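Report on the structure given below.
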Amino acid sequence: MVSPVTVVKSEGPKLVPFFKATCVYFVLWLPTSSPSWFSALIKCLPIFCLWVFLLAHGINFLVSHRSASRILAGLIFSAVGDAFLIWQEQGYFIHGLLMFAITHILYSSAFGMKPLDLKAGLLMGVVSSSCYAFLYSYLSGPFTYLVAVYIALIGFMGWRAVAGVQLCNDLWTWTKLSACVGAMLFMVSDLTIALNKFCFPVPYSRFIIMATYYAAQMLIALSAVETRDEEDFRKRS
């Protein structure tokens, strides 16, 4: 198993643009009440940097490793979803929801169905059902079923990320753990969005949403480079 120190040395420099772009977003903190293409660019810039992070590992790597290419595709749909959500008050919230639904399908596919881990699936099912049961009374119209489908998809994605860790069997790797933590943070971010939009104002909601979202996307992007890092490590050993 590749050590975390090796990972930091090999992958850390490639993530510097992402961290800088994330700092730019939080420093500028453009008002959400004035959507513009500039604010969309600033919001999407950290995700663009994660595209570059994965592309820096080489086109051949992405082509030969379907999980990495699916995570890159998920990041592309995420950026489109981010742009739609800039104009959510103008009627584009559902468009953003659709883009992120596709993202979760792609991430689930990248994480795979092995090991199955039905216990983790049951746990995520209970968590997802509980969240929807709480939100249900606040929903109306098409959101009643759209939110249900979305929660099912992100819950499924969370299950596949958690199932891959296998801590008890000592089969985990740092990248599988990265995917797991990233998926959990993504769920926290989306739950905060739902509570703030449909239920009640959440204090510091925007900061919570974006901080957990950017961290989640970075960790999921990191999970895509496991095979490459293990190959490089074996060559150096």
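The values are calculated or read from the model by the stated rules, or taken from the named source; none is laboratory data. Just so you know, these numbers come straight off a predicted model, no measurement behind them. Areas reflect the complete protein model, heavy atoms only, side chains present, ligands, DNA and RNA absent. Shrake-Rupley method; radii C 1.70, N 1.55, O 1.52, S 1.80 Å.
Between Lys197, Lys14, Lys176, which gets the highest mean-square fluctuation from a Gaussian network model of the chain, Cα cutoff 10 Å?
Lys197
Sum up the lysine pairs in the stretch 2-234 that clear both bars: alpha-carbon distance under 24 Å and a spacing of 8 or more or different chains.
Working: Lys9/Lys20; Lys9/Lys176; Lys14/Lys43; Lys14/Lys176; Lys20/Lys43; Lys43/Lys197; Lys114/Lys176; Lys119/Lys176.
Within the stretch 2-234, the lysine pair count is 8.
Tell me the per residue accessible area of the chain using a 1.4 Å probe; a whole number in Å² is fine.
On the way: 12070 Å² over 237 residues.
Accessible surface, normalised per residue, equals 51 Å².
No solvent, one uniform scatterer per C-alpha: report log10 I(q)/I(0) for the chain via the Debye equation at q = 0.07, 0.08 1/Å, two decimals.
Relative scattering, expressed as log10 I(q)/I(0), comes to -0.23, -0.30.
Per residue, how much space in cubic angstrom lies within the convex hull of the C-alpha atoms of the stretch 82-149?
Values: hull volume 6.4 nm³, N = 68.
Considering the Cα atoms of the stretch 82-149, their hull volume per residue is 94 Å³.
Test of understanding: in a Gaussian network model of the chain with alpha carbons linked when under 10 Å, which of Ser69, Ser39, Ser137 would top the mean-square fluctuation ranking?
Ranking Ser69, Ser39, Ser137 by mean-square fluctuation puts Ser137 first.
Which ³J(HN,Hα) values, rounded to whole Hz and listed in residue order, are derived for the stretch 189-205 from phi using the Karplus coefficients 6.51, -1.76 and 1.60 in 6.51 cos²θ - 1.76 cosθ + 1.60 with θ = phi - 60°, glycine and proline given as x?
With the stated coefficients, the stretch 189-205 comes to 4, 5, 5, 5, 4, 5, 4, 6, 7, 9, 10, 7, x, 9, x, 6, 4 Hz.
Give me the percent of the accessible area of the chain that comes from carbon and sulfur atoms, probe 1.4 Å, all protein chains in place. Kindly include the intermediate steps, with their values, before the conclusion.
Working: 8600 of 12070 Å².
Answer for the chain: carbon and sulfur cover 71 percent of the accessible area.
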